[in-house]
Amino acid sequence: MADTMQFDLVSPERSLASLQVSAVQIPGADGDMTAMPDHAPTITTLRPGILRIEGPEGSSEYLVTGGFAEIGAGSLSVLAEKATPVSEVTRAHIDELIAEARASHEAAQAHPSIVDEAAKLLADMEALGTHMSL
């Protein structure tokens, strides 16, 4: 078993990380999961949450708002809708994400088929702010 695997985190705005890691905790849409070297190939969607990375150079955390993760035996790529290092997140940033989610929820009221999805997004954003104590 290899000790590390390649990890890449990108968002539409920028590439946030490209390094060797020993484990990544992913906020999957169906629940948190941890990917390690030699993981079975998997693709999962992300929910808003904290993505945690552990590697030889230490650990780091990123706030992600959604996206996809592709896991393989030797690599993990995360394509995030939005991603920000937790060290850069402020209460104003969380408030902005909540406002966007609230606007999506209100807009969805006109389309009943997407109301539940928008309500879940809003609840996830509010929970994320509470979880980060911001």
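The values are calculated or read from the model by the stated rules, or taken from the named source; none is laboratory data. Here the structure is a predicted model, which is why all the values come from computation and not from measurement. Cβ sites come from the backbone with ideal geometry, for glycine too, and all protein chains shown count toward neighbours. Ligands, DNA and RNA are stripped out before the accessible areas are found, and what is left, the full protein with its side chains, is counted by its heavy atoms. Shrake-Rupley method; radii C 1.70, N 1.55, O 1.52, S 1.80 Å.
Scanning segment 65-83 for residues that are in a strand (DSSP E or B) and open to solvent by 20 Å² or more (accessible area, probe 1.4 Å) yields Phe68, Glu70, Ser75, Ser77, Leu79. Do we find that Glu88 is open to solvent by 60 Å² or more (accessible area, probe 1.4 Å) and touching a helix residue (DSSP H, G or I) at 6+ places or on another chain (Cβ under 7 Å) in this structure? The answer is no for Glu88. Figure legend. Inter-residue proximity from segment 84-107: first residues under 15 Å from His131 (Cβ atoms), second residues modelled with pLDDT of 90 or more, beta-carbon distance below 6 Å, spacing 6+ or different chains. Indicated pairs: Thr84/Leu63; Val86/Glu61; Val86/Leu63; Val89/Leu63.
Applying the selection to segment 29-49, what residues are surrounded by 16 or more Cβ atoms within 10 Å (Cβ to Cβ), part of a strand (DSSP E or B) and not hydroxyl-bearing (Ser, Thr, Tyr)? Passing the criteria: Ala35, Leu46, Gly49. Take Phe7 and decide whether it is more than 16 Å from Met125 (Cα to Cα) and open to solvent by less than 10 Å² (accessible area, probe 1.4 Å). Considered against the rule, which asks whether it is more than 16 Å from Met125 (Cα to Cα) and open to solvent by less than 10 Å² (accessible area, probe 1.4 Å), Phe7 comes out as yes. Filtering segment 1-15 to residues that are assigned to a loop (DSSP other than H, G, I, E, B) and under 17 Å from Ser59 (Cβ atoms) leaves Asp3, Thr4.
Listed here are the residues, each with its yes/no results for (1) open to solvent by less than 20 Å² (accessible area, probe 1.4 Å); (2) part of a loop (DSSP other than H, G, I, E, B); (3) in contact with a strand residue (DSSP E or B) (Cβ under 8 Å, 6 or more places away or on another chain).
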position: Leu51; (1), (2), (3): yes, no, yes
position: Ser60; (1), (2), (3): no, no, yes
position: Leu63; (1), (2), (3): yes, no, yes
position: Ala103; (1), (2), (3): no, no, no
position: Glu106; (1), (2), (3): no, no, no
position: Ile114; (1), (2), (3): no, no, no
position: Leu122; (1), (2), (3): no, no, no
position: Thr130; (1), (2), (3): no, no, no
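Restricting attention to segment 15-51, the residues being without any contact (Cβ under 8 Å) to a residue 12 or more places away in the chain and either within 26 Å of Ser133 (Cβ to Cβ) or within 11 Å of the chain's Cα centre (by Cα) (or both) number 3.
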